[in-house]
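> Here it is, the structure in full.
The values are calculated or read from the model by the stated rules, or taken from the named source; none is laboratory data. Just so you know, these numbers come straight off a predicted model, no measurement behind them. Cβ placement follows ideal geometry from the backbone for every residue including glycine, while neighbour counts extend to all protein chains displayed.
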């Protein structure tokens, strides 16, 4: 059964120039940040999916942070997500600091349950000592509540954690490229936006993360300071043109003799908005199914 | 397909031109009516899966819900996000707005009730980040089911997060409530504006905060207590911007209105305290004294120990400004007594710091050092790095006057190190300049010059060009004063004399 990602990639059209910009970003060079923006339904998330696929093809590590109505990552959640995607084991110092600033008398206690007995290394023959066998992998939970016995201001906590995180991230990406994707950045809160622009993207200005690249997608262009702007490439997504719509209809399996006429119809009705085009085509196929069902 | 194309053309012609949601309406019209109805329900939550779909449409079995979710996942408007399905923003917004229309109110309410119960069950078995997310979702649906209860939950969550200064979380909650903007009753709308004003003020977005609080005070239909609070907040935000006249006006309006109502949660002594601080900071010290003393009096009547402690501390700072250091010390000590009663050790650290400063005014350096150290100890325990930096900076002056030069330099360097760690560049600049002056007093010219240069750079980094210029002038003055030490001049003169005498001697020979 085809997955949603596979479907999106199979139906992806146009946006060659944006993909080129992305490939340039991966190649290394002056530009470290790619900003994609455009109105609702213009295909930003689909383009992001295409870029993520490109990373998978090239075996490049990636991290993805997405904002939605109910999931609103703040600076802590962003760092946590990047940490988890890049490999949490490389961020031990950051995790320790995060926990010390969150849990008074912090002591990790885990209740491990299993339907049957847990046996580790059964039947394994070892010649020499192999050290400890880890039978159960414990993922560090994220404690988000600040300690009540400390008077640390939130800004102070933010600075300390960010500093530690950047250091660990630099170490973790010393010899590997990491691409960090941000989607729906228009949903970021003001505080998070300031942190992303000043603290996170600011590291590119200072070349503290030479092997990290950022791709940001949103409805509006993010305003960066002058020094960071130099390192950024920007692309505004525009509605599709007629030939792109024809190409899309081909990918959706519309018969060749109807594509041009249908594409013209769709262009007039949607002004080239990819989402509306896709919805109308869904509607067309439902109509066809209904007709077949009624005549059958 | 050609017939189909004609049918499709006809359908498109029937749709109102440029109408929002035209494409989604066409799609829903072609779908199986049951499926279409279920898809509309999926626009009530922000994300859905099979269990949520069953909560939305309880007539479905688990198998049916699973199957339907798989069907929906193939639609272009649906995407998958971490085991859930999400409708595209544009479609979601359109369909949700239809749910807010009066003809759908009853069904919308009962569906949200089921969703509230659904999320309550999930919350009971969750922890950490997941609990927060679920609480937000529950709050959102509680608003859909019962506006008052939902809004009370919003206020509770907002208060909790504001106390922890998690402003991002507060912003997220505000955005969720905003989805109900068109159907919020007026009183809730007013309360909502008040909370958004507080958040804007926390984020130092003054014009936005001003606009929101004014919306509250201008609406006579809103409860008087809310308007009192809004007036008081307006006073606070104008004071932050050092607009004393407006700050005073708004605090006074808050006071006048507070007198007309009974049982207001914002007591007069709080407002009097704010007003007293405004007068103090704007220079009308005697008026400030009267107001702060009145605040203490009223706080005592209400047994508000925290209020009494805060007012005494502010009085202490006032007396320092009046040059009455002994009275300041008394006031700070009284503040400490009350803070100890309520076991507020963090504020005690601030008062110890103020006591240190008051004793420094009296040039009682040993006592000053004692209190700064007490402040430092509490702040160290609380890992308040910025607080420690400020106290180390204060200690520099004390050690200098105690002629403990090494300690003074050490304290200064500690302050600089901690300010740098916190990236408080302006404070780092000030502390570095203090260190430069210290070195200058010690006649350590080279170190002094280095520190002045660093301070200039830091002030420029913070766009404090005036301060940078002043510091540059100090550096240049220092350079001008630098010349050869006296013994070199003596050596040169003696050498010249020796040459002259030698020449004279030779000539006479």
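> Has region B:438-452 got any residue that is in a loop (DSSP other than H, G, I, E, B) and surrounded by 15 or more Cβ atoms within 10 Å (Cβ to Cβ)?
Yes; the residues of region B:438-452 include at least one that is in a loop (DSSP other than H, G, I, E, B) and surrounded by 15 or more Cβ atoms within 10 Å (Cβ to Cβ).
> Further, regarding this structure: For region A:1-95, which fully contained helices (runs of 4 or more DSSP H) count at least 1 residues that are over 30 Å from residue A:282 (Cα atoms)?
A:16-27, A:75-86
> Return a yes/no flag: does region B:240-251 have any residue that is buried (at least 16 other Cβ atoms within 10 Å of the Cβ), more than 27 Å from residue B:324 (Cβ to Cβ), out of contact with any strand residue (DSSP E or B) (no Cβ under 8 Å at 6 or more places or on another chain) and modelled with pLDDT of 95 or more.
Within region B:240-251 (the criterion being buried (at least 16 other Cβ atoms within 10 Å of the Cβ), more than 27 Å from residue B:324 (Cβ to Cβ), out of contact with any strand residue (DSSP E or B) (no Cβ under 8 Å at 6 or more places or on another chain) and modelled with pLDDT of 95 or more), the answer is yes, since at least one residue qualifies.
> If you don't mind, there's one more thing I want to ask. Taking the conditions exactly as written (more than 16 Å from the chain's Cα centre (by Cα), modelled with pLDDT of 90 or more and closer than 15 Å to residue A:22 by Cβ), does residue A:58 satisfy them or not?
yes
> State yes or no: is residue B:57 closer than 23 Å to residue B:106 by Cα and out of contact with any strand residue (DSSP E or B) (no Cβ under 6 Å at 6 or more places or on another chain)?
When the stated conditions are applied, residue B:57 passes them.
> To continue, here is another question. Return a yes/no flag: does region B:316-336 have any residue that is closer than 23 Å to residue A:154 by Cβ and outside any loop (DSSP other than H, G, I, E, B).
The answer is no; no qualifying residue exists.
> Against the condition away from chain B (no Cβ under 13 Å) and in a helix (DSSP H, G or I), how does residue A:204 come out, does it pass?
Judged against the criteria, residue A:204 is a match.
> For region B:5-62, list the helices (runs of 4 or more DSSP H) that sit wholly inside it and hold at least 3 residues that are surrounded by 16 or more Cβ atoms within 10 Å (Cβ to Cβ) and within 12 Å of another protein chain (Cβ to nearest Cβ); which are they?
Per the criteria, B:22-30.
> Let me ask something additional. Would region B:353-364 turn up any residue that is farther than 28 Å from residue B:405 by Cα, away from every other protein chain (no Cβ under 14 Å) and more than 24 Å from the chain's Cα centre (by Cα)?
no
> Can you go through B:495, B:459 and tell me which one is modelled with pLDDT of 90 or more, part of a helix (DSSP H, G or I) and under 22 Å from residue B:397 (Cα atoms)?
B:459
> Here are some residues: B:67, B:81. Which one is surrounded by fewer than 21 Cβ atoms within 10 Å (Cβ to Cβ) and within 11 Å of chain A (Cβ to nearest Cβ)?
B:81
> Regarding residue B:100, is this residue touching a residue at least 12 places away in the same chain (Cβ under 8 Å), within 30 Å of residue A:42 (Cα to Cα) and away from every other protein chain (no Cβ under 14 Å)?
yes
> Something else: For region B:398-407, state whether one or more residues are touching a helix residue (DSSP H, G or I) at 6+ places or on another chain (Cβ under 9 Å), in contact (Cβ under 8 Å) with a residue 12 or more places away in the chain, over 30 Å from residue B:345 (Cα atoms) and not in a helix (DSSP H, G or I).
No, because not a single residue in region B:398-407 is touching a helix residue (DSSP H, G or I) at 6+ places or on another chain (Cβ under 9 Å), in contact (Cβ under 8 Å) with a residue 12 or more places away in the chain, over 30 Å from residue B:345 (Cα atoms) and not in a helix (DSSP H, G or I).
> Scan region B:149-161 for residues that are within 12 Å of another protein chain (Cβ to nearest Cβ) and surrounded by fewer than 17 Cβ atoms within 10 Å (Cβ to Cβ) and jot them down.
Correct list: B:160 only.
> Something else now. Only residues that are closer than 19 Å to residue B:45 by Cβ, within 12 Å of chain A (Cβ to nearest Cβ) and surrounded by fewer than 19 Cβ atoms within 10 Å (Cβ to Cβ): list them for region B:175-206, please.
Listed by number, the residues that qualify are B:175, B:178, B:179.
> May I pose another question? Quick one: in region B:207-223, of everything that is in a helix (DSSP H, G or I) and touching a helix residue (DSSP H, G or I) at 6+ places or on another chain (Cβ under 6 Å), which residue is surrounded by the most Cβ atoms within 10 Å (Cβ to Cβ)?
Result: B:213.
> Still on this model: Can you confirm whether residue B:306 is away from chain A (no Cβ under 14 Å), surrounded by fewer than 19 Cβ atoms within 10 Å (Cβ to Cβ), assigned to a helix (DSSP H, G or I) and modelled with pLDDT of 95 or more?
No: the conditions fail for residue B:306.
> Hey, residue B:90 hits all of (1) surrounded by fewer than 16 Cβ atoms within 10 Å (Cβ to Cβ); (2) in a helix (DSSP H, G or I); (3) within 11 Å of another protein chain (Cβ to nearest Cβ); (4) touching a helix residue (DSSP H, G or I) at 6+ places or on another chain (Cβ under 8 Å) but one; which does it fall short on?
For residue B:90, the failing item is (1).
> Also: Could you list, in sequence order, the residues of region B:340-352 that are in a helix (DSSP H, G or I) and within 24 Å of the chain's Cα centre (by Cα)?
B:345, B:346, B:347, B:348, B:349, B:350, B:351
> Is there a residue in region A:193-213 that is touching a strand residue (DSSP E or B) at 6+ places or on another chain (Cβ under 8 Å) and more than 29 Å from residue B:421 (Cβ to Cβ)?
no
> Hey, among the residues in region B:408-425 that are within 14 Å of chain A (Cβ to nearest Cβ) and part of a helix (DSSP H, G or I), which one's surrounded by the most Cβ atoms within 10 Å (Cβ to Cβ)?
B:419
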